[in-house]
Structure formats: C-alpha cells, structure tokens
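Notes follow the structure.
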Amino acid sequence: SESEIIVDANESARNNRILADKISPPPPPSVNNAWDTVEEIAPNWYFLEWFGYFYKIPNNNWIYHEIFGWVYVDFTTTFDSVWMYHEVLGWQWTSQNVFSYTYNPYTNTWIYIIDIGYYDFNLSSWFAF
C-alpha cells in the first residue's frame, strides 16, 4: 500500500510471516508501584511505620503527608528508598534507614525533618514548613 515502506525483501517477508502467524512478543513482567500496595487504614489514608501517615488518591502520584504536606512520589517497587518532590525542597531522597533525614542531590543538601519544619545542614538553620 502507499503507507507501507519495504526496506528489503527479507525484512518484508519476515514482517508478513509475523503478521500472518500473529506472533507477538511476550508481555513484559508485571511491576507494581509500592505506593499502590500499602495497606489502607481509612478511606484513602495509609500508614508506613517508618514514613508515617499519608493520604493518597488511587492512580495518582501526589500524596498528602502528615509533615510535608503535598508531595509528588516517584514510582518505586519497594520502600527501601523513595524519591519525592516538594514544592519548596525540590526532589528529596530518603529511605527507611535514614528517614527523618532526606537528601537533595541537586543542591547536595541533607535536611532533618520534624513535624513543624526542617533543619538544613548546609545552612545550619531551622525552617518552618
């Protein structure tokens, strides 16, 4: 047809065989987002022992964390470590081994978080959320 481009005869024969045999590649392995596997404690409210309480709408990467407020959480398959975006702090990395500390690789900054704010180690100062 006018929309078909044939690179060479061997490629065309291969494509016709694949289409005729209806061969398709195997499906990719299923990978679950760890944020979607957390146990719900109340409608849309969740709790991780090391991370605390947060509100999450299904199929949405924005969560409302009890301390941070609204943060965007990146896709992760485990909670060994997580990336999240905060409108003031930017991208932060943390893990169950270091939380309440988070790290921003763009500014090379470690911060310590408490319920009313955070301590910036680069600036040696406390800030309110």
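Structure values in brief
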quantity	calculated
Charge tally in the Cβ shell below 12 Å around Asn33, where Lys, Arg are +1 and Asp, Glu are -1, Asn33 excluded	-1
Theoretical FRET efficiency, 1/(1+(r/R0)^6), r = Cβ-Cβ of Asn122 and Tyr72, R0 35 Å, to 0.05	0.95
Cα-derived Rg over Rh, computed across segment 74-129 with Rh taken as Kirkwood radius	0.96
Difference of contour (0.36 nm per residue) and Cα-Cα distance, Glu39 to Trp62	6.6 nm
Segment 81-129: relative contact order in percent, alpha carbon pairs under 8 Å with at least 6 residues between	20
Net charge of Cβ neighbours under 14 Å - reference Trp126; Lys, Arg +1; Asp, Glu -1	-2
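Read-outs throughout are calculated quantities, based only on the coordinates presented, and are distinct from any laboratory measurement. None of these values were measured; they are calculated from a predicted model. Glycine gets a Cβ as well: all are built from the backbone with ideal geometry, and neighbour counts include every protein chain shown.
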